[in-house]
Amino acid sequence: MINYQVKELAYYPGCTLKNGAAELEKSFLFVCDALDFHLEELPKWNCCGTVFSLQQDVLVYHLASVRNLIRAKEASKKAIVAPCSICYNTLKQVLDFLRNNPDSLNKINEFMFEEKTKFSLGDVDVLDVIGFFRDVIGYERFVKSAKHRLNGMRIAVYYGCLHSRPRNAASCEIEMPNAIEQLLGQLDAICTEYPMKNECCGSYLRVKDPTIPLERVRRIVKSASLNGAELIATLCPLCYDNIKNLQKRLEREGSGFKILPVVYLSQILAMCLGAPKEIYNPKSEPVPAFSS
Amino acid sequence: MSLRENIEKISGVNLRSCYQCGTCSSGCPIIEMMDVPPSKVVYRLQKSDSSILESNTIWLCAACFTCDTRCPRGLRISAIMEAARALILRRNIDHIKPETIKPEAYSELPPITLIAAFRKYTG
């Protein structure tokens, strides 16, 4: 467990939660409030940079993330909680890059001379939902506060890439992660073990060639289905959109593809904690057990 | 500066420490779409073979980091692919052009895919 006071944590929504992924934001904040973790939104946050730049010789791509870390330091926060997997991974990798390259941090601070606050290592950490739920809130608190149980709901947790890889940003097991299953199991869900749970969904390759994520989604959903899942729970808003919308295309192919409902993990947890219907199932889609 | 040195400089990876075990290729989720497997990209970059920059592999790697976590030599293959892309993008040759994306795609695609794609495919 990591001991943070609630006021030491900043909620970093990122652009996607404020646009396409409102369900994720609403359900995540409901979960926090229900467990008495009333997070304050990071003041004046900006885009995280979307993808971590792997070019070692150019620092400019890291500035967006560093600015967010500076905002957190200015607000006297010790950690940023980023429910979006992509934001989390980008912020965390930038932080780790700076840790390993202190000279680069000096250069970045010099370059951003108009920022009144200089970022230094150890000021701010970055947490994802797994780390936040497991290490800060603690699974016990979820179980104690649960108003509804999952009554044997067969859930395939889909982690995507960015919570278990790369190693320096992993908040759960790198191969065959099990961190969320441990929580959902205590809430009486039956979690599906399947080999695709942290394989790439095809991500932004959808812009270049939609057939690649289409094929990835087919395999992920098929694998979850074959292993008995009736529902997929994702963490990442990009995985969510890929799986949810490309499944419709796969069904139209007419090759007998069976659609599985997709929800965010925090929607399931919000349901357990007594959220109203517009939070855990805003579009009133047929989702098993959610209807009862 | 040779191609190998250039890639090593941009990626921060020592290409010569790869001993061609093929673990990266065996675990790559989209290897079947690639014309050259990732381990062979590394091999050809070790030899400074510039024809590898014409391969589709470097554009298909979406940095899922599976190979990076499994490489027994600790190479960051995702960074090598990014360095290869950078060599092309830094010559101001974009891999995708906004104007070629169909208008209906803009309404269908979540904005985050577009931003990520433009970050990875344009200079």
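The values are calculated or read from the model by the stated rules, or taken from the named source; none is laboratory data. All values derive from a computational prediction rather than experimental measurement. Note that we place each Cβ from the backbone using ideal geometry, even for glycine, and neighbour counts take in every protein chain shown. With ligands, DNA and RNA removed, areas are computed over all heavy atoms of the protein, side chains included. Shrake-Rupley method; radii C 1.70, N 1.55, O 1.52, S 1.80 Å.
Quick notes on this structure:
- Top-ranked residue in segment A:203-234 [being away from chain B (no Cβ under 14 Å) and outside any helix (DSSP H, G or I); ranked as farthest from A:Arg149 (Cα to Cα)]: A:Asn227
- Candidate set from segment A:183-202 (those that are open to solvent by less than 20 Å² (accessible area, probe 1.4 Å), part of a loop (DSSP other than H, G, I, E, B) and not aromatic (Phe, Trp, Tyr)); member that is farthest from the other protein chains (Cβ to nearest Cβ): A:Leu187
- In segment A:10-33, the qualifying residues are those that are farther than 17 Å from A:Asn281 by Cα and of a type in the set (A, V, I, L, M, F, W, C), and the one that is surrounded by the most Cβ atoms within 10 Å (Cβ to Cβ) is A:Ala10.
- Any hit, segment A:175-182, residues being among the charged types (D, E, K, R), within 14 Å of chain B (Cβ to nearest Cβ) and assigned to a helix (DSSP H, G or I): no
- Tallying residues that are more than 12 Å from every other protein chain (Cβ to nearest Cβ) and touching a Gly at 6+ places or on another chain (Cβ under 6 Å) within segment A:237-251 yields 0.
- The residue list A:Ala169, A:Ala146 contains one member that is under 21 Å from A:Leu91 (Cβ atoms) and not hydroxyl-bearing (Ser, Thr, Tyr), which is A:Ala169.
- Segment A:98-117 - residue that is under 25 Å from A:Cys15 (Cα atoms) and in a loop (DSSP other than H, G, I, E, B) and, of those, most open to solvent (accessible area, probe 1.4 Å): A:Lys116
- The helices (runs of 4 or more DSSP H) found wholly in segment B:37-93 and carrying at least 1 residues that are in contact with a Ser or Thr (Cβ under 9 Å, 6 or more places away or on another chain), more than 8 Å from chain A (Cβ to nearest Cβ) and open to solvent by less than 10 Å² (accessible area, probe 1.4 Å) occupy B:38-46, B:77-89.
- Those helices (runs of 4 or more DSSP H) lying entirely in segment A:1-97 with at least 2 residues under 26 Å from A:Leu273 (Cβ atoms): A:14-18, A:22-34
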